[in-house]
Amino acid sequence: MSSRWPKKAWMPWDTRYNRVADETTSSVNRPLFLMVAGEQLLCNDTGELWLLSEAEVRQLAPEAESDFLGYWASRPVYARQLDRAVSNVPGQWQELRAQMGLIDETLFALSGSALQWARWRIDHRFCGRCGSPTRPLPGEPAHVCSRCELRFYPRLSPCMITLITRGDHCLLARHARSRKAFHTALAGFVEIGERVEDTVHREIREEVGLRVADPRYFGSQPWPFPGQLMLGFHAEYASGDIQVDGDEILEADWWRYDRLPMVPPPETLAGQLIAHFVAQQHNKGPQGST
Ligand SMILES: [Zn+2]
């Protein structure tokens with residue numbers, strides 16, 4: 001399998017965008033900007049993600065700084081961060097989730113990076129050890145404390161997401177915190193001292209009371225809600241009866257590959273885990289689908 005998500009572009013923290021646009025530069029290479037405030041991105045009046053030109057961004061946010069994110073359609077993309085969503089700009093502010101399925105995977109990933117950098121900057125303006133202000137550390141993706149010189153790097157939270165399979169069935173659950181009525185795979189955060197494989201076994205035991213054999217790594221996905229890295233697995237059922245915890249999981253059941261309920265979209269790692277399982281079962285042909 002290969003991830004449908006792009007490799008992360010290099011991230012030169014010290015190449016903030018501050019040059020004057022070179023009018024002789026071909027439009028192919030001219031930079032694009034995403035405007036970020038808090039958890040939101042600036043979209044146009046019809047709700048489409050707005051990729052601003054340099055002229056537009058200088059007019060709307062002349063004071064703000066920009067961070068390089070990567071490339072989209074061969075054009076460099078920068079994030080322009082405002083402290084908060086302001087109402088005196090054209091268009092509308094929207095959460096990234098609203099763009100899922102509307103923008104391509106590269107742009108979704110860049111938008112997610114923009115939100116995570118912005119959030120990290122806001123959350124690390126002061127040192128957690130001594131309380132003094134921090135400042136950006138030149139040449140590094142870090143802030144450093146102005147007094148005790150403690151460094152702060154962006155932090156990610158690794159999570160596992162696992163689709164349990166049992167012949168031509170897979171286990172799908174409804175999560176208490178899910179905003180939508182999806183049935184999906186099981187997920188949970190890696191805890192201190194755990195290998196991600198340990199997390200797979202522990203979370204599955206805790207959430208649905210099952211044991212699984214040999215988790216197989218499938219792929220990963222940055223998930224910027226807020227700073228997660230999802231690590232996807234398939235695992236074959238080994239033993240036990242489904243017993244939902246009633247807390248994180250509302251219901252869980254076995255579903256045959258050709259009779260699935262509403263599942264997450266293919267832009268998500270959960271959707272890709274499920275689609276891969278379904279494709280495998282289809283490829284087995286009639287003998288495989290008893
Ligand atoms: Zn400090």
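Suppose we filter region 124-158 for residues that are open to solvent by 90 Å² or more (accessible area, probe 1.4 Å), out of contact with any Asp or Glu (no Cβ under 7 Å at 6 or more places or on another chain) and more than 13 Å from the ligand (Cβ to nearest atom); how many remain? Let's see the steps before the verdict.
Here is the first cut: in region 124-158, the ones open to solvent by 90 Å² or more (accessible area, probe 1.4 Å) are 125-126, 129, 135, 138, 147, 149, 151, 153, 155-156.
Retained after the next criterion (residues that are out of contact with any Asp or Glu (no Cβ under 7 Å at 6 or more places or on another chain)): 125-126, 129, 135, 147, 149, 151, 153, 155-156.
Right, trim to more than 13 Å from the ligand (Cβ to nearest atom) and you get 153, 155-156.
Residues flagged as open to solvent by 90 Å² or more (accessible area, probe 1.4 Å), out of contact with any Asp or Glu (no Cβ under 7 Å at 6 or more places or on another chain) and more than 13 Å from the ligand (Cβ to nearest atom) within region 124-158 amount to 3.
Specify which of the listed residues (Leu115, Leu110, Leu102) is open to solvent by 50 Å² or more (accessible area, probe 1.4 Å) and away from the ligand (no atom under 16 Å from the Cβ). Walk me through it before giving the result.
Working: Leu115 fails: open to solvent by 50 Å² or more (accessible area, probe 1.4 Å); Leu110 fails: open to solvent by 50 Å² or more (accessible area, probe 1.4 Å).
Result of the check over Leu115, Leu110, Leu102: Leu102.
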Inset, instruction - Answer yes or no: is there a residue in region 84-94 that is within 14 Å of the chain's Cα centre (by Cα), open to solvent by less than 30 Å² (accessible area, probe 1.4 Å) and touching a residue at least 24 places away in the same chain (Cβ under 8 Å). - result: no
Legend entry - Single residue of region 159-191 satisfying the filter (open to solvent by less than 20 Å² (accessible area, probe 1.4 Å) and not in a strand (DSSP E or B)) that is nearest to Pro222 (Cα to Cα): Ala185
Inset, instruction - Mind listing just one residue for me: the one in region 194-249 that is open to solvent by 30 Å² or more (accessible area, probe 1.4 Å) and among the β-branched types (Val, Ile, Thr) and, of those, farthest from the chain's Cα centre (by Cα)? - result: Ile242
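The values are calculated or read from the model by the stated rules, or taken from the named source; none is laboratory data. Worth saying up front: this structure is predicted, and the values here are computed from it rather than measured. We place every Cβ from the backbone using ideal geometry, glycine too, and count neighbours over all the protein chains shown. Ligands, DNA and RNA are excluded from the accessible area calculation, which covers all protein heavy atoms including side chains. Shrake-Rupley method; radii C 1.70, N 1.55, O 1.52, S 1.80 Å.
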